[in-house]
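What follows is one structure encoded as C-alpha cells, with my remarks underneath.
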Amino acid sequence: MRNKTDKNDARGFAQVLRTGYFSPVHMKSREAHGVRALLSTRKALLKTSRTKSAAF
C-alpha cells in the first residue's frame, strides 16, 4: 500500500483531472447563500407565527 501524502494526493488529483473524469460544477456565490439563509429563516418564522396564532 502506498504512503498517503499530500504529494501523492496531488498526483492523484492531477491524474483525475487529466482524464476528464470530473466535470466543472457551479458554485453559488456568497450572496446567493445569504439570500437563501434569509428566506429559510423567514419561512421558519412565518411558520412559528402561524402556529402560535392558530393556538389562540
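Think of the chain as having a plus end and a minus end, set by charges on the Cβ of Lys, Arg, Asp and Glu; of Gly20, Ala54, Val35, Ala54 sits farthest toward the positive end of this dipole.
Rolling a 1.4 Å probe over the protein chains gives Thr48 an accessible area of about 70 Å². Extension gain for Arg36 to Thr19 (0.36 nm times residue separation, less C-alpha to C-alpha distance): 2.6 nm. Rounding to the nearest 10 and keeping the result within 0 to 90°, find how far the Cα-based axis of helix 6-19 lies from the longest principal axis of the chain. Helix 6-19 and the main axis of the chain meet at about 90 degrees.
Between 0 and 90 degrees, the angle of helix 30-55 with respect to the longest Cα principal axis of the chain falls at about 30 degrees. Rounded to the nearest 20, the Cβ-based charge dipole of the chain about its Cα centre (Lys and Arg +1, Asp and Glu -1) stands at 220 debye.
Which one is right for this structure if P(r) over Cα pairs in 10 Å bins from 0, in percent is calculated from it: (1) 22, 46, 26, 6, 0; (2) 21, 44, 22, 11, 2; (3) 18, 19, 18, 18, 14, 10, 2? Computed from these coordinates, P(r) over Cα pairs in 10 Å bins from 0, in percent corresponds to label (3).
The values are calculated or read from the model by the stated rules, or taken from the named source; none is laboratory data. A quick note: this is a predicted structure, and the numbers were derived from the prediction, not measured. Positions of Cβ are backbone-derived with ideal geometry, glycine not excepted, and every protein chain shown enters the neighbour counts. Each accessible area value is taken on the protein alone, full model and side chains, heavy atoms only, with ligands, DNA and RNA left out. Shrake-Rupley method; radii C 1.70, N 1.55, O 1.52, S 1.80 Å.
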